[in-house]
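Q: Mind looking over this structure? Questions follow.
The values are calculated or read from the model by the stated rules, or taken from the named source; none is laboratory data. Predicted model only: the values in this text are computed from it and were never measured. Glycine also receives a Cβ, built like all others from the backbone with ideal geometry; neighbour counts cover every protein chain displayed.
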Amino acid sequence: MTALDFSTTIGNAWFPAPTFTASGCASSGRELAQFFPLREMGGVVTKSVMSKMRPGRPTPRMAETPSGMLNSIGLQGPGIDAFLAKDVPYLVEQKARVIVSIAGETVEEYSTLARKLRSVSGISAIEVNISCPNVENRGLVFACDPEASRRVIDGVRRTIGGELPIIAKLSPDVTDLVSIAKGVVDAGADGLALINTVLGMVINVDTMRPHLGGKTGGLSGPAIRPIAVRAVYQVHAALPQIPILGMGGVASGKDALEMILAGASGVSIGTASFGNPTAIMSIQDELKQLLIDRGFTSLKQAVGFAHRPIEAE
Amino acid sequence: MTQINKHAKQLLAPIVSNTRVGQYHQIIINIGDIATNCKPGNFVAISVGGGSSSMVLRRAFAISRVSTSTTVGGTMELIVAPHGQGSKWLCAQGEGVVLDLVAPLGTAFGIPTEPVPVLLVGGGYGSAPLFGLAELLNSRGCRVDMLLGASTGSKIYAPMEGKRAVNSMRIYTEDGSMGVAGRVTDPIAEIIKDLNVAVIYSCGPMPMLAAITKITNQFDVIHQCAVEESMACGVGICMTCVLPVENEDGTISNLRSCIDGPVMDGAKVQWSKVGQQI
């Protein structure tokens, strides 16, 4: 029996396994709990919540694409107050570890959300989803603007103080991901979530118009995995001490291992759960076995292993 | 917000038979004990394409009927039209192929507590789940009448044995190639009056469900419809299959048709706001 330390840490948050849901791909966990106990995975990253209830975008909200899908949900959600009243207590009761993902339209909204989370017990970390349009700057997505990204994280850090780890979720739709990553880390992020969906579009050739109600959508699934692996690799090379949650098309233990080797301390599973509600459980089991097969005695030994020169072995 | 069907389970289930019926395939799957928990209106989400497929999303199919006592145990029947890549793959799978499925999912048709006259309306292959429903309603003493419609005769799904549980079955095709030329909604108002219909059950395309609601709003009749909205997951986590539905307090919310549906109260669905920003 080979012992493997499968645990991981992000800031001061400890997780018994490196497997998480991806925000927006598990709602608030209740539905997946029908298929496996939520406490058996590393943690639940909840769907990004905003200050107010949001109806989201009109349908169609989805288009399947080769090895992936486009989605345009528009952050439909109950708003932070209802979320804190119903969803967090449920997850805590399930003994799940909880990472709350927040999203805002202004720098101030992110800080307001962080203020509401400050005193909530049972939360392991905050994910700050900055892939939202900034209404104060012509709708430019925060994550595509280094200065706006930095200001959002700085505001959240100042509001919540030094305790709760902050994970900044970044968009791959930028020219220089590393500089944005450095900016948010300087502003107080303890970890990074890489990558959000890649902006895409499908045109319906019968109506000859964009298929999605929101016209553009986020591409996810195995189609974007090489982009995600590259992003994790580049950012880990530049910021080797910063824990990364790697995501983007992880559908098997092998995919998860790729992320870990590239430099991720944990993996989030999103679209794979749509195709298979127990995907996270099988990915977790497969990853564990792959690490053991390669002689690792801890997950941490494998993080960023792909960066080691060949001759070092 | 309602919860995922509490009986939902993921299982590997072998195909018992796959028979072509006109433009459709009748696929029988051995699902064992979970057949007991499948009710008319529920659906199943099936993984398609095999392990290395580029199709990453499950496909949702209405469960047309279940049997709890076949020689192989509990089974479910699906009526599948090979339209898209996923349904074509499923229709090409033969006896013995093991499917990865999740069932039962979604809401079920509500059954009246008293034996009342009911009307079942089906569009295209959407009519499939109505036959299992008709048997159940018939066994509860309801008078069951059925209307089936499609653009053309080859798209009508009406198995011979399906007629046993219904008092009458009328067929409407837009091109007149089968039954009466016209739309399935044409005779509804008259039937409601003549038979004193208490509940209309419907499944089929969205414009048909919307048209039925327009009629039922003029009468004291309940309209339970099974909606079809494209889904990525079928289990309530992707938020893609939403429909605008009126809440108790008069506000409108985008509800998931996989969790709060597929069977919904037609009078509450805001048909004119489907595909609009609410």
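Q: Would you pick out the residues in region A:156-176 that are touching a strand residue (DSSP E or B) at 6+ places or on another chain (Cβ under 8 Å) and either surrounded by fewer than 22 Cβ atoms within 10 Å (Cβ to Cβ) or of a type outside the set (Gly, Ala, Ser) (or both)?
A: So in region A:156-176, the residues touching a strand residue (DSSP E or B) at 6+ places or on another chain (Cβ under 8 Å) come out as A:156-157, A:160, A:164-173.
Selection gives A:156, A:157, A:160, A:164, A:165, A:166, A:167, A:169, A:170, A:172, A:173.
Q: Does residue A:3 meet the test of being free of Cβ contacts under 8 Å to residues at least 40 places away in the same chain and surrounded by fewer than 16 Cβ atoms within 10 Å (Cβ to Cβ)?
A: Considered against the rule, which asks whether it is free of Cβ contacts under 8 Å to residues at least 40 places away in the same chain and surrounded by fewer than 16 Cβ atoms within 10 Å (Cβ to Cβ), residue A:3 comes out as no.
Q: Only one of (1) modelled with pLDDT under 95; (2) more than 14 Å from every other protein chain (Cβ to nearest Cβ) fails for residue B:50. Which number is that?
A: It is condition (2) that residue B:50 fails.
Q: Can you tell me which residue is farthest from the other protein chains (Cβ to nearest Cβ) among those in region B:218-235 that are touching a residue at least 24 places away in the same chain (Cβ under 8 Å) and polar (S, T, N, Q)? Write out each step before concluding.
A: Applying the first criterion (touching a residue at least 24 places away in the same chain (Cβ under 8 Å)) to region B:218-235 yields B:218-219, B:221-229, B:231-235.
Remaining after also requiring polar (S, T, N, Q): B:218, B:224.
Values: B:218: 27, B:224: 21 Å.
The extreme case among them is B:218.
Q: Going by the conditions given, is residue A:238 more than 24 Å from residue A:32 (Cα to Cα), in contact with a strand residue (DSSP E or B) (Cβ under 9 Å, 6 or more places away or on another chain) and more than 14 Å from chain B (Cβ to nearest Cβ)? Full working, then the answer.
A: Working: more than 24 Å from residue A:32 (Cα to Cα): yes; in contact with a strand residue (DSSP E or B) (Cβ under 9 Å, 6 or more places away or on another chain): no; more than 14 Å from chain B (Cβ to nearest Cβ): yes.
Answer is no for this residue.
Q: Would you mind telling me which numbered condition in (1) under 18 Å from residue A:124 (Cα atoms); (2) surrounded by fewer than 24 Cβ atoms within 10 Å (Cβ to Cβ); (3) of a type in the set (S, T, N, Q) residue A:59 fails?
A: Every condition holds for residue A:59 apart from (1).
Q: Follow-up question, since we're still on this one. Return the residues of region A:71-95 that are more than 10 Å from chain B (Cβ to nearest Cβ), under 29 Å from residue A:219 (Cα atoms) and outside any helix (DSSP H, G or I); say none if nothing qualifies.
A: Passing the criteria: only A:79.
Q: Tell me the residue from B:4, B:34, B:15, B:28 that is in contact with a His (Cβ under 9 Å, 6 or more places away or on another chain), on the phi < 0 side of the Ramachandran plot and buried (at least 16 other Cβ atoms within 10 Å of the Cβ), please.
A: The match here is B:34.
Q: Residue B:197 versus (1) closer than 20 Å to residue B:226 by Cβ; (2) free of Cβ contacts under 8 Å to residues at least 60 places away in the same chain; (3) among the hydrophobic types (A, V, I, L, M, F, W, C): which is the lone unmet condition?
A: Going through the list (1) closer than 20 Å to residue B:226 by Cβ; (2) free of Cβ contacts under 8 Å to residues at least 60 places away in the same chain; (3) among the hydrophobic types (A, V, I, L, M, F, W, C), residue B:197 breaks only (2).
Q: Checking residue B:209 against (1) under 14 Å from the mean Cα position of the chain (by Cα); (2) within 12 Å of chain A (Cβ to nearest Cβ); (3) at pLDDT 95 or above, only one condition comes out false. Which one?
A: If we test residue B:209 against (1) under 14 Å from the mean Cα position of the chain (by Cα); (2) within 12 Å of chain A (Cβ to nearest Cβ); (3) at pLDDT 95 or above, just (2) comes out false.
Q: A further question follows. Tell me which residues, restricted to region A:4-54, are at negative phi, at the interface with chain B (Cβ under 9 Å from one of its Cβ atoms) and in a loop (DSSP other than H, G, I, E, B).
A: A:25, A:26, A:30, A:31, A:35, A:47, A:53, listed by residue number.
Q: Checking the structure you have, find out if any residue of region B:99-115 is under 20 Å from residue B:61 (Cα atoms) and more than 20 Å from the chain's Cα centre (by Cα).
A: Yes, region B:99-115 contains at least one residue that is under 20 Å from residue B:61 (Cα atoms) and more than 20 Å from the chain's Cα centre (by Cα).
Q: Go through the residues of region A:192-210 one by one and say whether even a single one is part of a helix (DSSP H, G or I), in contact with a strand residue (DSSP E or B) (Cβ under 6 Å, 6 or more places away or on another chain) and either at pLDDT 95 or above or within 14 Å of another protein chain (Cβ to nearest Cβ) (or both).
A: Taking every residue of region A:192-210 in turn, none turns out to be part of a helix (DSSP H, G or I), in contact with a strand residue (DSSP E or B) (Cβ under 6 Å, 6 or more places away or on another chain) and either at pLDDT 95 or above or within 14 Å of another protein chain (Cβ to nearest Cβ) (or both).
Q: Return the residue satisfying two criteria in turn: it lies in region B:238-252 and is at the interface with chain A (Cβ under 7 Å from one of its Cβ atoms) and either in contact (Cβ under 8 Å) with a residue 12 or more places away in the chain or farther than 14 Å from residue A:56 by Cβ (or both), and of such residues it is surrounded by the most Cβ atoms within 10 Å (Cβ to Cβ).
A: That would be B:242.
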